[in-house]
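Beneath this line is the structure, given in structure tokens, with notes to follow.
The values are calculated or read from the model by the stated rules, or taken from the named source; none is laboratory data. On a predicted model such as this, the values are computed, not experimentally measured, just so you know. Every residue, glycine as well, gets a Cβ built from its backbone with ideal geometry; the counts of neighbours run over all protein chains shown.
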Amino acid sequence: MISYNEFLNELKEPAAPADYDRLLSQIEQKVSQRRPRARFLLAGAVAVLLLAFAAYFYYPAQQASNGDILMSYVFEQESLDGPLLAYVLED
Amino acid sequence: MGQLEFNQVYAGHNKTVWRLISRYVSSQHDREDLFQEVFLRIHRALPKFRADSSLSTWIYRITVNTSLNFLKKQKRHAGLKDLLGSFRLIEVEEQSETQEPDKTFEPLQKLNPQQRMLLIMAEVEERKISEISEILNLPVGTVKSNLSRAREILKKELKDNDIL
């Protein structure tokens, strides 16, 4: 029969021995396995960013160009909020 | 810090970390897993280490928090394993010698991971309540009430099993 304090004292007893050299080599192995994955993730993130930038700059350029046709919008004088009266296409 | 410095940290603190985690988890296999997880975190965080606190305090904090997460994860897995085992969806494996838990820890099984950590930090490592509160990022009142509950549960467990 042991008391509460005796139980705590049992927990304070020295731990079972460990093979620190073997554990270190396993840790180093895991570190080297994680590095390529981190590089791969970084390269992926950079690629996504570049694609996003390219899409961002390419999209307005496409919108502005419509072959050789220039398009003008005609609104009621002094009112851009008013109804569109006509539009003129010019070569 | 580079690889050489990690090796220095490892050489200087491996015994302390092992001693700490041996109190938190019961089987040798789990201790080795947790030990590696602690040093992997130290390896990752070492370049960001600022000398605001001492290196040993910083390592202690990482060890405690990694151990608490480990115990929580272990409890979730055990619950899931029991559930799947009860439906015979998985075979319950025989425990090998290295997986066999240390019998000293049996009464602690009744405590949840947080109560277990609090009890060991306060009663075995003899840390102050304010220190535990800061390390685990918990209010002082929560630490006190959970610790008191943990003591009650443990005493009851020792008595019910005719150990006390």
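For B:His13, indicate whether it is in contact with a helix residue (DSSP H, G or I) (Cβ under 8 Å, 6 or more places away or on another chain), at the interface with chain A (Cβ under 9 Å from one of its Cβ atoms) and under 17 Å from A:Ser25 (Cα atoms).
Details: in contact with a helix residue (DSSP H, G or I) (Cβ under 8 Å, 6 or more places away or on another chain): yes; at the interface with chain A (Cβ under 9 Å from one of its Cβ atoms): no; under 17 Å from A:Ser25 (Cα atoms): yes.
Criteria not met by B:His13.
A search for C-beta distances below 9 Å between a residue of segment A:24-49 that is within 11 Å of another protein chain (Cβ to nearest Cβ) and any residue that is assigned to a helix (DSSP H, G or I) and hydroxyl-bearing (Ser, Thr, Tyr), counting only pairs 6+ apart in sequence or on different chains, returns A:Leu24/B:Tyr10; A:Ile27/B:Tyr10.
Considering only segment B:1-48, state which residues are out of contact with any Leu (no Cβ under 9 Å at 6 or more places or on another chain) and of a type in the set (Lys, Arg). Selection gives B:Lys15, B:Arg19, B:Arg31, B:Arg41, B:Arg44, B:Lys48.
Only one entry of B:Glu126, B:Glu94 meets the criterion of being closer than 21 Å to B:Lys15 by Cα, in a loop (DSSP other than H, G, I, E, B) and either at pLDDT 75 or above or not aliphatic (A, V, I, L, M) (or both), and that entry is B:Glu126. Look at segment B:22-41: where a residue is at the interface with chain A (Cβ under 10 Å from one of its Cβ atoms) and charged (D, E, K, R) and a partner is outside any helix (DSSP H, G or I) and surrounded by 22 or more Cβ atoms within 10 Å (Cβ to Cβ), sitting 6+ places away or on another chain with Cβ atoms under 7 Å, you get B:Arg31/B:Val25.
Would you confirm, using the coordinates I've provided, whether B:Thr104 is exposed (fewer than 15 other Cβ atoms within 10 Å of the Cβ), more than 14 Å from chain A (Cβ to nearest Cβ) and either in a helix (DSSP H, G or I) or at pLDDT below 90 (or both)? First the steps, then the outcome.
Working: exposed (fewer than 15 other Cβ atoms within 10 Å of the Cβ): yes; more than 14 Å from chain A (Cβ to nearest Cβ): no; either in a helix (DSSP H, G or I) or at pLDDT below 90 (or both): yes.
So B:Thr104 fails the test.
Do we find that B:Arg23 is at pLDDT below 90 and under 23 Å from A:Glu10 (Cα atoms) in this structure? If you could, list the steps in order and put the result at the bottom.
On the way: at pLDDT below 90: yes; under 23 Å from A:Glu10 (Cα atoms): yes.
So B:Arg23 passes the test.
Restricting A:Val74, A:Val48, A:Val31 to those that are within 23 Å of B:His43 (Cβ to Cβ) and either modelled with pLDDT of 75 or more or assigned to a strand (DSSP E or B) (or both) reduces the list to A:Val31.
If you go through segment B:1-39, how many residues are aliphatic (A, V, I, L, M) and surrounded by fewer than 16 Cβ atoms within 10 Å (Cβ to Cβ)? Full working, then the answer.
Looking only at segment B:1-39, we keep the residues that are aliphatic (A, V, I, L, M), and these are B:1, B:4, B:9, B:11, B:17, B:20-21, B:25, B:34, B:38.
Next cut, surrounded by fewer than 16 Cβ atoms within 10 Å (Cβ to Cβ) only: B:1, B:4, B:11.
Here the count works out to 3.
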